[in-house]
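The values are calculated or read from the model by the stated rules, or taken from the named source; none is laboratory data. This is a predicted model, so every value here is computed, not measured. Positions of Cβ are backbone-derived with ideal geometry, glycine not excepted, and every protein chain shown enters the neighbour counts. Heavy atoms of the whole protein, side chains included, go into the accessibility calculation; ligands, DNA and RNA do not. Shrake-Rupley method; radii C 1.70, N 1.55, O 1.52, S 1.80 Å.
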Amino acid sequence: MRFPLNPAGGRLPGRVRSAWLAAFLALTVAIATALAGGAVTARAAVTVRAADELLSQGKPATASSVENVLTPASTAVDGNVATRWSSAFSDPQWLQVDLGASATISQVVLNWEAAYGRVFQIQTSTDGLTWTTVYLTVTGTGGVQTLPVTGTGRYVRMLGFARGTAYGYSLREFQVYGSGGGTTPPPGNGTIPDPTIASLEATAGPLATGTYTVPSPSGYKAGTITYPTASGSYPGIVLMPGYQGTQQNLSWLGPRLASWGFVVVNVDTNTLTDTPDQRGTEIRAAGTQLLNLSNATGNPISGKVNGTLGVSGHSMGGGGTMVALRDDSRFLAGAPLAPYHTSPNFAGVTKPTFFLTCASDVAAPGATYARPWYNSMAQAEKLYIEVPGDHLCPMTGYGNKAKQGKWLVSFFSRWLRNDTRFTPFLCGTQRDADRTNTSLVTQWTDTCPF
């Protein structure tokens, strides 16, 4: 749920927003009162039933915001009460977890830090877009709340409307219990060997790959999926071309990523002149179809996608990448390549983001587009690398693909698989040889240590 938007563009003024929130809270009280037979109280804590399985621990988690880089969404599902997720100091805010597959939900346990939610809902969703409320309260008291709920869905979230303190929402643990769900993605220590400079700069990684043409594209023109032929499930990635571009623009990147353990769909836009916002919508559609194909039978990627999504796009496709990261919680990390969009900032993007720009780019100079966006993203892990070349430098046949491939594989491995073996190539000893080579890199900025 979001605040309504001003028809003239942008969010409504603060006075109107406050009135809208007050009206919503009044409605929530009325609904909760009716559901509770006149008594609106937070439910008492109960003991977790032995038959319930903890489904959420270690699964991908996202949030509407984070207070700082030390309180990311992932720390609410890590099983460690010494860590916590904390949001910005405003309403509304949400935290959600992707269980990997549809599950029957029986309990949700909220282990609040001192900053708790007074008015909040627990919601479930099959697709991360349409939500069903399974619990609500307007008198939350914090502490450890064990909420017996009845619902089904792949995604579960806490949606907060009013904080109990002047600070944000802060959860030590967000635990979802029930049956079903998907398996926790492996950390990458099985079929993927320890990465080296040589292996990451090679034209292909350790896994054999296959290709599959999307049979009936929905929301975009065409798509080619490259996937690991080995058994197991992997994160999915959408690739989006730029203005007047086609799949050929990033045809080098799909097989490169797939050979390191990703299912990659490289798409064509509906028209060659689609705007960045239209491309953002097409990215979301392609992500949905990739998940649907994995959940279906009778195709070669059945069961191949573990539910985690990333995105990378060139030029206007890079602008579309930023739109998808901002607007769709299913996309957990993105890499805009020489990106273009008329928006002056993307402060709403809180996901890990890798900007790759080109030093001689006159179509989308990094100083005009990517750099201001990078600076506006106060709540995201981020990386900005500028390399020699013009606007085409990330495309097939241009630029240093050994280095670009190494960085992109390392970025998505770190943030979509949580595989910290790849961190040193972006944020450690292996990074420095690239960062200090002025013939290779003209600018390098990051938020290390991750």
Expected output is a single nm value to one decimal: the length gained when fully extending between Thr191 and Ala359, i.e. 0.36 nm times separation in residues minus the C-alpha distance. What is it?
56.8 nm
Using the heavy atoms of the protein chains and a 1.4 angstrom probe, tell me the accessible area per residue for the chain in square angstrom.
38 Å²
Testing the spin-label approximation: label points 7 Å from Cα along Cα→Cβ at Thr83 and Gln244. State their distance in nm.
4.7 nm
Would you work out what percent of the accessible area of the chain, with all protein chains in place, is carbon or sulfur (probe 1.4 Å)?
55 percent
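Would the stretch 158-283 count as rounded, prolate or oblate if I go by the C-alpha gyration tensor, calling it rounded below 1.5 in a/c and otherwise prolate when a/b exceeds b/c, oblate otherwise? Present the calculation step by step, with values, prior to reporting the outcome.
Numbers: a/c = 2.05, a/b = 1.25, b/c = 1.64.
Cα axes put the stretch 158-283 in the oblate bin.
Quick one, could you list the DSSP H helices from the chain stretching 20 Å or more along their long axis (Cα atoms) with average Kyte-Doolittle hydropathy of 0.5 or above?
14-35
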Heavy atoms of Ser360: accessible area, 1.4 Å probe, square angstrom to 10:
70 Å²
Quick numbers on the stretch 219-290, Rg and Dmax over C-alpha atoms in Å, give 12.0, 39
Going from most exposed to least, what order do Arg163, Arg435, Arg154 have by accessible area with a 1.4 Å probe?
Arg435, Arg163, Arg154
Relative contact order computed over the stretch 133-270 (Cα-Cα under 8 Å; 6+ residues apart), in percent
21 percent
How far is it, in nm, from the label point at Ala222 to the one at Cys448 when both lie 7 Å from their Cα along the line to the Cβ?
4.1 nm
Calculate the spin-label point distance for Ser179 paired with Asn375, positioning each point 7 Å from the Cα along the beta-carbon direction, and give it in nanometres.
5.6 nm
FRET efficiency for Thr126 and Thr436, using Cβ-Cβ distance with R0 set to 41 Å, rounded to 0.05:
0.30
Per residue of the chain, what 222 nm ellipticity follows from adding -39500 (n - 2.57) for every DSSP H run with n ≥ 4, rounded to the nearest 500?
-6500 deg cm²/dmol
